[in-house]
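Working notes, structure below.
What follows draws every value from the coordinates through simple rules; no lab data is involved. In this text the structure is predicted, and so the values were computed from the model without any measurement. Note that we place each Cβ from the backbone using ideal geometry, even for glycine, and neighbour counts take in every protein chain shown.
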Amino acid sequence: MEKTIVAISTASGNGGIGIIRLSGRQTFDIIDKIFIPKNKSKDIKGYTMKYGNIVNPKNNEIIDEVLVAYFVAPKSYTTENMCEINSHGGTVVEKRILELCLENGAELAEPGEFTKRAFLNGRIDLSQAEGIIDLINSKTEMEAKESINQLEGNLSKKIKKIEQKMLDIMVNIEVTIDYPEYDVEEVTNSEALKKLNEIHNLLNELENSFNKGKIIKDGIKTVIIGKPNAGKSSLLNSLLKEDRAIVSDIAGTTRDTIEEYLNIDGIPLKLIDTAGIRDTENTIEKIGVEKSKKLVNDADLIIAIFDISGSLDEDDRKIIELIRDKKAIILLNKVDVLKNNNKMEEEIKKLNKSVIKISAKEEMGLENLYDEIKKMFELNEISSNNEILITNERHKNQIIKAKQNILDAIEIVRNNTPVDIISIYINQAMEDLGEITGVNVSENIINEIFAKFCLGK
């Protein structure tokens, strides 16, 4: 990589400091042109900082008073020569320093290009790079913790162990082919079957871990439904501890969805307040109702809310039919008005769903709702377990492919087909796993992954 790249690495806007990052062969030459350190020493040592001024070499105008951090190859984020200019935070100052770097030999970095260079230069593998973007985008401490696990290479280590088991089988096959005078095929078949089953079980564990990993990364998509004035918006406001949704005695005030995140024991709950479900002639409200019904089908969890102070009507019964075969929690709201409604409760119980009595207005019963969600999604188990979890859909798909190839290899062994044939499937399974770590991955996938990064990372 001949070009030296530069980008502003801190978020735009005013702040305490701004960081302009450079990486590449010309990094130190460019810094020499625009930076005058207070200490005139010409020595460049890695992991050191120098205090001085950024100046415009054309007229010696001082642009800012800065600290410059030096990282000498290969001991840097990208394994190249790097510098990070720590300026005063501010859009104007940061842009002027960036322009000086560009005028003096640097080129503007693409999104994620620093991390892409770290990957291409072998400092991290592809799954670790994806752990970095997940860490940047994490919404909870648990998601950040899982991203750190991936960044530290724990997933890669697990995959390498599985690949080593595959290589052990391949070695045995090579021995059988190279030394046919030894009659060891039956023993080799037996050993191969045992090891293939071990590999299949390990891959299966990783694939199954995605159910927990998806919850940590994406949260639990939770749709709140009910007829108008059942208390959906009041519930959302109570859960968020703020007036996020309009609460009114006028039915049908929520016409579109409102989406917010709520943190439950480190797991993000993506709450979606929907338009009240009822028959209506209002065109705009009708669109909102249809959108609500569609969201119900895509939800991980449905919170169906009913007004305990009234009676079940036709609109309520339509909601009951919507949630009949779905993962749902039923809330009987407004217990501050009426505590018991035997007729309603008897009909609701027939659904065999969890039923919780609450008052969204008075914030009564919300802890019971939290406890039921934790129980339903085994959140306590997720938070206490240190197992390696798959959180990335791409990784899961590659594991499924590898698992299928191992299953095909197992079938061949069981059919007493010559054992060397299974090497085709094992090789393919290794290639499937190699796409996770980036050992053999297409340029298109690499570009697609790094395009998700912000500029300067």
_Amide N proximity, the range 187-227 versus T417 label position 7 Å along Cα-to-Cβ, cut-off under 17 Å_ = 189-190, 192-194, 196-197
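Share of antiparallel DSSP beta bridges in the chain, in percent to the nearest 5?
Numbers: 36 of 57 bridges.
Counting DSSP beta bridges with both partners in the chain, the antiparallel share is about 65 percent.
Calculate, in nm to one decimal, what K38 and K343 gain on full extension: separation in residues at 0.36 nm each, minus their alpha carbon distance.
Working: separation 305, 0.36 × 305 = 109.80 nm, distance 8.26 nm.
Roughly 101.5 nm would be gained on extension.
About the Cα centre, and with charges only on the beta carbon of Lys, Arg (+1) and Asp, Glu (-1), how big is the dipole of the chain? Nearest 20 debye, please.
Working: 62 positive and 77 negative charges, 256 e Å.
That gives a dipole near 1240 debye.
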*Report the one residue of L312, F210, S41 whose Cα lies farthest in the direction of the positive end of the charge dipole of the chain (charges on C-beta: Lys and Arg +1, Asp and Glu -1; origin at the Cα centre).*
S41
*Could you sort 127-133, 163-169, 355-361 so that the peptide with the highest average Cβ count within 10 Å comes first and the rest follow in order?*
127-133, 355-361, 163-169
*Just from its helices, what would the mean residue ellipticity at 222 nm be for the chain, if runs of 4 or more DSSP H residues each count -39500 (n - 2.57) and the sum is divided by every residue, rounded to the nearest 500 deg cm²/dmol?*
-15000 deg cm²/dmol
*Report the charge-dipole magnitude of the range 33-152 in Debye, nearest 20, computed about the Cα centre from +1 at each Lys and Arg Cβ and -1 at each Asp and Glu Cβ.*
700
*For the range 126-171 and the range 391-435, what is the separation of their Cα centres, given in Å?*
20
*Compute the separation of the alpha-carbon centres of the range 215-234 and the range 56-90 and state it in Å as a whole number.*
48
*Mean Kyte-Doolittle of at least 0.0 and a Cα length of 20 Å or more along the axis: which whole DSSP H helices of the chain meet both?*
422-437
*asked:* Under a crude label model (7 Å from the Cα following the beta-carbon direction), how far is K3 from Y261 in nanometres?
replied: 3.3
_Farthest toward positive dipole pole in the range 5-109 [+1 Lys/Arg, -1 Asp/Glu at C-beta], among V92, M82, N14_ = M82
*Over 26 Å [Cα-Cα, the range 1-155], rounded percent*: 29
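What does the extension gain come out to for S354 and D218, with contour length at 0.36 nm per residue minus their alpha carbon separation?
Here the segment from S354 to D218 would lengthen by 46.6 nm.
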*Picking from G438, I225, A409, whose Cα lies most toward the positive end of the charge dipole for the chain (charges on Cβ: Lys, Arg +1; Asp, Glu -1)?*
I225
*Rounded to a whole number, what is D in µm²/s for the chain from Stokes-Einstein with the Kirkwood radius over alpha-carbon pairs (25 °C, 0.890 mPa s)?*
92
